[in-house]
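K.L.:
Handing you this structure, nothing more for now.
The values are calculated or read from the model by the stated rules, or taken from the named source; none is laboratory data. Here the structure is a predicted model, which means the values were calculated and not measured. Virtual Cβ from ideal backbone geometry, glycine too; neighbours counted across all protein chains shown.
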Amino acid sequence: MKSLVKLGLIDDEFFELENLKGLLKGIPGYKVSFAVTDPKEGIKLARNFECDILMTDIEMDKLNGLIISEEMEKIGIPVIVCSAYEKYALDSINLSVAGYLVKPVKTLPLKDLLNKVKSKFIEPRKTSPGHSLNFVMLRTPDSFGSFKIYWIDIYYIEQIKNYTYLYSENQTFRERSTLEDWASKAPEELFIRVHNAIIVNFSYVTRIVGNNVELSNGKNLPLSYRYRKAFKEACNL
């Protein structure tokens, strides 16, 4: 079963969000991950990779949608902007946003544009090395900024209760998300699951010792019976 493409919606008019959500219910292959009237909240959710595609209004009291698109470009999330004013279309093109819709949004152009964006931005990530990106953006501790970390620099990723921890050589990064989220984003050619709560970077595996996987930094991680066979096959053991 193919996974649904997650959509994030931002519009400071509640009825516009409800209208868009209603239209999306009739378009298969997509699900609304979040719909918010506060642009800053939407940016925060998107930075936490709660959506694959972000749809935003342009003219909002708290933040301009074109500024939001610039922020999303930094972390590789395609943006579709919606506005009742066609004059913004040129600005959108100049910013290289994924697409532009004129309000009131209609089902057919919405469906066509979503499918085009999915084909251009989402599907290549699932088929090409590194999901088209060899890095991921993480939030700063104060949640107001973000920074880049390369997948190759992550030794392993572990979920502990409601948080996921990413371990590099000298640092540990904490994210409020699930391991499933990270397993779906991490490049398959680099990471493999060794435990319900752990995925590990192949590059740093040195050997299997009993029921543990040993990494080049000396760290020993549990290798559960459920994932042992697939792990050994992947390692040609």
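K.L.:
May I ask you to say which residue of F34, F14 is surrounded by fewer than 13 Cβ atoms within 10 Å (Cβ to Cβ) and of a type in the set (F, W, Y)?
P.N.:
None of the others qualify; the one that does is F14.
K.L.:
For the stretch 152-171, which positions are part of a loop (DSSP other than H, G, I, E, B) and among the charged types (D, E, K, R)?
P.N.:
Listed by number, the residues that qualify are K161, E169.
K.L.:
Quick one: which residue in V117, V194 is modelled with pLDDT of 85 or more, in contact with a strand residue (DSSP E or B) (Cβ under 9 Å, 6 or more places away or on another chain) and not assigned by TED's automatic domain parsing to the domain that holds V97?
P.N.:
V194
K.L.:
Another one. Among the residues of the stretch 26-50, which ones are of a type in the set (A, V, I, L, M, F, W, C) and either modelled with pLDDT under 90 or in a helix (DSSP H, G or I) (or both)?
P.N.:
I43, L45, A46, F49
K.L.:
Restricting the stretch 55-77 to residues that are within 18 Å of F34 (Cα to Cα) and of a type in the set (D, E), which is surrounded by the most Cβ atoms within 10 Å (Cβ to Cβ)?
P.N.:
So the residue we want is D57.
K.L.:
Quick one: E70 ticks every box in (1) assigned to a helix (DSSP H, G or I); (2) in contact with a helix residue (DSSP H, G or I) (Cβ under 7 Å, 6 or more places away or on another chain) bar one, so which box is it?
P.N.:
(2)
K.L.:
If you go through the stretch 143-167 one residue at a time, how many are modelled with pLDDT under 80 and closer than 18 Å to S224 by Cβ?
P.N.:
Summing the residues that are modelled with pLDDT under 80 and closer than 18 Å to S224 by Cβ in the stretch 143-167 gives 0.
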